[in-house]
1. For an R0 of 30 angstrom, estimate the FRET efficiency from the Cβ-Cβ distance between residue B:182 and residue B:395 and round to the nearest 0.05.
2. Taking the simple approach of a point 7 Å from Cα along Cα-to-Cβ for both residue B:105 and residue B:387, what is their distance in nm?
3. Explain nothing, just the number: relative contact order of chain A, from Cα pairs under 8 Å at least 6 residues apart, as a whole percent.
4. Label segment A:3-173 by shape, choosing from rounded, prolate and oblate, from the square roots a ≥ b ≥ c of the eigenvalues of the Cα gyration tensor; if a/c is under 1.5 it is rounded, and otherwise prolate applies when a/b is larger than b/c, oblate when it is not.
5. If you average the C-alpha positions of segment B:275-337 and of segment A:155-214 separately, how far apart do those two centres end up, in angstrom?
6. With θ set to phi - 60°, apply the Karplus curve 6.51 cos²θ - 1.76 cosθ + 1.60 along segment B:242-253 and write out the HN-Hα couplings as whole Hz, x wherever there is a Gly or Pro.
7. Residue B:182 label points, 7 Å along Cα→Cβ, one per copy: pairwise distances from this copy to the rest in nm, shortest first?
8. What distance in nm separates the simple spin-label points at residue B:231 and residue B:194, each placed 7 Å from Cα in the Cβ direction?
Protein chains: 2
Amino acid sequence: MASVEVVTIGTEILLGHLVDTNSVHISRALADHGVDVYAKHSVGDNTERLAIMLEDALGRADGVITTGGLGPTVDDLTKDAVATAVGDTLQLHEPSLRALEERFVKFNRPMTENNKRQAILPSRAVVMPNPNGTAPGFIALRPDGKFIACMPGVPREMKPMLADQLIPWLVERFTLKSAIYTKTLHTIGIGESELDRRVEDLFRSLENPKIAMLAHGGRVDVKVMAKAESQAAADAMIAPVAQQLRERIGAGYYGDDDTTPGGAIVAELVRRGKTLGVAESVTGGGVSDSIVEVAGASRAFLGGIVAYDNSVKQSLLGVRTETLTQFGAVSEETAIEMARGARATLKVDFALATTGIAGPDGGSAEKPVGLVWFALVDDDGIVTTHRATFPGQRMDVRDRAAMTALSLIWRRLEP
Amino acid sequence: MASVEVVTIGTEILLGHLVDTNSVHISRALADHGVDVYAKHSVGDNTERLAIMLEDALGRADGVITTGGLGPTVDDLTKDAVATAVGDTLQLHEPSLRALEERFVKFNRPMTENNKRQAILPSRAVVMPNPNGTAPGFIALRPDGKFIACMPGVPREMKPMLADQLIPWLVERFTLKSAIYTKTLHTIGIGESELDRRVEDLFRSLENPKIAMLAHGGRVDVKVMAKAESQAAADAMIAPVAQQLRERIGAGYYGDDDTTPGGAIVAELVRRGKTLGVAESVTGGGVSDSIVEVAGASRAFLGGIVAYDNSVKQSLLGVRTETLTQFGAVSEETAIEMARGARATLKVDFALATTGIAGPDGGSAEKPVGLVWFALVDDDGIVTTHRATFPGQRMDVRDRAAMTALSLIWRRLEP
C-alpha cells in the first residue's frame, strides 16, 4: 500500500484567502484506491521553503502530490523546488511545447514567453498532458523511486488529470488492487451518544466493512467503509451492513450519501402527495432556504412567511394580540398560532413555525438568549411543540434552530 | 521576526470531512503581529507520524502551533507526540486538575477518568488555562528555545486562548514590535476590473500602507495593510488612505471590516427610520436570512414572504393570474407585482422581490437556467428592476441571486 502527502502551493491558500478544495478531492479519490494520505500541507510561493518541505515529506511518505504553482505568472518556483527535491534538472519538453503552440493557434491567442516556460519540466519526469489548460502536469522521480506529482491548481484541470493520468500511474506503480468504498447513512435529531448506544456492538464487531461516526452541526453520519477489489464487491459487502444499521438506527435516519435533510423531506412529501409551508421568526428564512436548495422542491414546498416583526406575525399569520401580550413573541403559544396561521394562509398540509431569541440582546432570566420554540401542525391539524435552548453566538443559535426545525419536520414525516 | 508553522490535528480535517477554519484565523491573527506563517499542515490521529512531522516543522520554523487532538476521547496522542518532539515527559499538572474539578462541580456533571487525563501535560510546558472548555492548552518548550503551542480544536475555545494567552506570550518571547495592521473596505455590485480601474494608481503607488484586492462570491474587498509599531500608529497611516479609497470607490462601498451587506442595509434603514421587507422565489429565504443574521435587524426588517409556489405569489402578494399566464413566473412583470405586493402586505417602505430559474430543470431557450429577475420598490413607490443570468449549479445561481438582491437594496439606499 502506498502512502502520500498532499501539498497545495500558493500564498492565498496558506493564508486562507482561497479555500482549498483540491486536497479534499485528492484525499477521497486516493482513498478509493487504497492510498493513504498521511498529511496535507499548504505553503506559500517561496522556492527554498517549498523545496525543504518537499524533501521532508518525501522522507515520510512514498510520494508527494502537489497542486498549484504551475501557472504562467508564478515564475518557476514549483518546478525549481521539485527539481531540487528529487535531484533533477529542468529542460524543455518538446511535445509539451508543441501542444501549447497548437492550443494557442486553436484559440487564436498570442503565446507569451511565460507560456513557453510552462513546457520546461524536470528531465526525468513522466509528463501528464493538460487538455483543459496550458500548464502540463508531471511526475518527477527521485532515483530511489519516490515521486513528486505536480498538477495545476485549477480544479477543472486538476480533476481529470488526477482521474485519467495520475491514478492509473499510481495503480500500476504500486500494483494497487484493494480500494476503500464508502456509504454514508445520515441521521438528524439523534445525539452522538444515543446513536452510539444503538449501534455500538456493530461498531466494535465489524472489521471489513468497518463503521465510523461523524457528528457535524446537529447531525450525525454513520459511514460504512469496505475494502474491496471493485465497486460491485464493495456494494455486496456494504448492503447488508447498511440495512442492519438502518434498522438499528430507526427514527432519525433520513437517507444516504448525497441526501440532505431538505431533500428527504421533499421526497417524502412528494411520495405522500402533501405540501409544506413554514413561518419563521428567529430562523429568518433559513428553514425555507434549506428546503428550496433541493432541486424539485417546488413539487411540495409552497412557501414561507418570515414573520420577523410582531406586526407580520399578526397580519399574515393571525397571531392574536392577547397571545403576544400575555405570553410574549417567544412562547409556545405564539409558536402554535404561527404554525396554524401558516397552514391556513399558505394552504399547506404541514406547517412549521420557529420563534426564539438569537441574541446577543433580548434575553432575560426567564427567556435566555438561545431559547427557541418550535411548533408543527400536521395534515390532521394536530400540533406538536418543542422547546430548546442553544448555546453559542447568534449565528450558532440560528443555525442550530434551522437544523432542529428540519429535524422536527422529518421526524414527523418519516415512514 | 518569528516564523511558525500551523498544524491541525484530526483525521476528519485531513480527509476534508471537517473544514479547517482555525488555521485561517491563526494565520490572520499572527500576521497582525508580524509573525509569518510559513506553512500549514493537517495530520490524522497517529502519534508516530505526528511526532515526525512536528520535528520536521521545528527544523524549519521557530515554533509550531497546533489545534485539535486534546479532547477527552482521543487518547493522548497529541501530547505524546509533542512531548517526543520537544524531548519532554508528561506529568499531572495540579492547577489544571483543580480547574477541571471546579468546572465539573459548577456544571454538576460527573468527571470521568478521561477528563482527568486532560490535566496531564508536558512537564516544562507553559500552561494556558481554558475558561471555555475542559482541555487546557500549553506551550511545550524544546531546550534550544523552539516551541510547540497546543490549543483545543473547538474555535470558541481556541480563539480567546490565542488572543489572550498565546499571542501575548509570543509578543514577549520574540519582542515583536512591528506588526501588520489591516483595514478592509467592502464593496458590492462592482466587478473586480471596474474596481481596479477606480483605484489602480493608488494600488501601484503605495508601499506602506499597501493595498490589495480580494474578490469572493460577488463582492470585492479592498484591504489596506500598514506595517507599524502600534495600532495607533497604523490607524494614523491607514485613515487617510482608506478615506481616499472610499471616495475613489464611490457607489458600491458599503462598510469596513466586520460589516456585512445586511448590516450596512439595516444600519442605513435605521438611520433613515425606514423599513424593509422581501418577497423571494428563487432565493427561497436566503435574502431574509442574510438580513436577519444581523444583530438588531428587527429595528428595520419586518419580514418576508417566500412565494415559491405561484399560489402563494397570488394569494399573499397579489400577483395577477394574467401576469403569470402572459409573462410567466420568471419575468420582469411578475417581479414588479411581487415587490409591490410585498410592500403592501408587509406594510414596509422598501420591498425587494426575486424570481428566477435555479435549475437544474425548468430552463428554456428564451429563459435559461440561471435567469433571475429582481424588482425593488422604494419608499416613494418607484420601481427599479434588474435582470441577470448567473452561471453554475443551482447553489451558485441561488447564492449569486441573493448577493445581487442585497446589492440592489444597498445601491438604492447608499448615502
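Just so it is clear, none of the values below were taken in a lab; they were calculated from the coordinates. Please read all numbers here as calculations on a predicted model, not as lab measurements. Backbone-built Cβ (ideal geometry, glycine too); neighbour counts: all protein chains shown.
1. Details: r = 30 Å, r/R0 = 1.00.
Efficiency at R0 = 30 Å is approximately 0.50.
2. Spacing of the two 7 Å Cα→Cβ label points: 7.2 nm.
3. Working: 797 pairs, mean separation 44.1, N = 415.
Over chain A, the number comes to 11 percent.
4. Numbers: a/c = 1.39, a/b = 1.39, b/c = 1.01.
Judged from the Cα gyration tensor, segment A:3-173 comes out rounded (a/c under 1.5).
5. Using only Cα atoms, the two centres lie 42 Å from each other.
6. Running phi through 6.51 cos²θ - 1.76 cosθ + 1.60 with θ = phi - 60° gives 4, 5, 4, 5, 4, 5, 5, 5, x, 4, x, 6 Hz.
7. Reported distances to equivalent positions: 3.0 nm.
8. In this crude spin-label approximation the distance works out to 3.5 nm.
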